[in-house]
1. Based on the alpha-carbon gyration tensor of the stretch 93-139, what equivalent-ellipsoid semi-axes (square roots of 5 times the eigenvalues) come out, in whole Å, largest first?
2. Could you work out, for the stretch 1-43, what percent of all Cα-Cα pairs fall into each 5 Å distance bin, beginning at 0 Å and stopping at the bin that holds the largest distance?
3. Taking a spot 7 Å from the Cα of A343 along the direction of its beta carbon, which residues of the stretch 2-29 have an amide N less than 16 Å from it?
4. Just want to confirm a number: the relative contact order over the stretch 108-227, from Cα pairs under 8 angstrom separated by 6+ residues, in percent.
5. Express the accessible area of the stretch 1-117 per residue in Å², computed with a 1.4 Å probe while the remaining protein chains stay in the model.
6. Classify the stretch 1-137 as rounded, prolate or oblate from the Cα gyration tensor: take a ≥ b ≥ c as the square roots of its eigenvalues, call it rounded if a/c is under 1.5, otherwise prolate when a/b beats b/c and oblate if not.
7. When ranked by the protection proxy of mean other Cβ atoms within 10 Å per residue, highest first, what sequence do the peptides 221-232, 285-296, 347-358 form?
8. Quick one: with all protein chains in place, what share of the accessible area of the stretch 271-377 is carbon or sulfur, to the nearest percent (1.4 Å probe)?
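The values are calculated or read from the model by the stated rules, or taken from the named source; none is laboratory data. None of the values given here were measured: they were computed from a predicted structure. For neighbour counting, all protein chains shown are included, and Cβ atoms are generated from backbone atoms with ideal geometry for every residue, glycine included. SASA here: full protein model, heavy atoms, side chains in, ligands and nucleic acids out. Shrake-Rupley method; radii C 1.70, N 1.55, O 1.52, S 1.80 Å.
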Amino acid sequence: MHVSHLSLADFRSYARVEVPLDPGVTAFVGPNGQGKTNLVEAVGYLATLGSHRVSSDAPLVRLGADRAVIRAAVVQGDRQQLIELELNPGRANRARLNRSSQVRPRDVLGIVRTVLFAPEDLALVKGDPGERRRFLDELITARSPRMAGVRSDYERVLKQRNTLLKSAAMARRHGGRSVDMSTLDIWDQHLARAGAELLARRLDLIATLLPLADKAYEQLAPGGGPLAFDYRGPVGAGGSQGNSTREELYEVLLAALGEARKQELERGVTLVGPHRDDLVLRLGELPAKGYASHGESWSYALALRLAAYELLRAEGNEPVLVLDDVFAELDARRRERLAELVAPGEQVLVTAAVDDDVPGVLTGARYAVSGGTAERA
């Protein structure tokens, strides 16, 4: 699978830009702040319906415009599809498929699949649990696009449950009229049901991903492992819990919600569920966060991305590899090892400030990016 043409209108710094793309390596080269990352960010948005840089759509719309459009032609085998996403901050986004069919944005998930390497990836190792949850859940959705609906359902139920808990906590603190809590048991059941599905997918992914990540780390930093993952939450990844059925996970979550209810009513927030869990990354016997060096943390983050790439590739629809200003962050050894590992990819998109930041093994098309334009060199 590869993107054969990218078209942007009022996206980030681009009033309008048309970028034909070929299989193989394409490098976008130009000084910082000229729009290189904006191009690959748009490709990533097609795959995840989100940005790796910001949490909302508003910054993606060019200053002075009220909407942005991302349009891409995607080739998979003998089939070509045209995807169009219209970003409308404050309103519902819109999507079209093959010009004529208006669909929900999440219906285009799975057509484009990407694996993104970016400086922000260091947060996978050093950052908050939310970074690791996002990594897992985006990969889950890439493997099974229908999980976007499960994630949406979970977030909707969580929001409703939190609203009820907050109302109850406020009433207690200020001596107001008591809140009807009769629906809390129902929200518990809904949350546990959607949460069990998400947990089952996370635990399955972790078990599948670990050997791939360990292999990738050995390729990037020989002799530096081994890697290990610990899933932290009401349901652990080890032992019988790692092999639990969805019904068993549902019962565990439901029981955990019951145990936490008193504290939740006092604090006015849901304290149990996949939205609170963490994936603890270990390097050898120690947690990587707080113990791994800067170079080890980079290698760990890259190993996670390479493992995701190998997993998606093995499932028959090779993702687009995006390397956003990564090579400037790496020492010479890691730079060359990473370049050799990704060079055979069906489509590899690279951004760099100068040509010398693109390793020689990554030969292919070059675009000069400057002032809202991208010209093929």
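1. 30, 11, 8
2. 5, 20, 33, 26, 12, 3
3. 24-27
4. Computed value for the stretch 108-227: 22 percent relative contact order.
5. It amounts to 43 Å² per residue over the stretch 1-117.
6. rounded
7. 347-358, 221-232, 285-296
8. Result for the stretch 271-377: 47 percent of the exposed heavy-atom area is carbon or sulfur.
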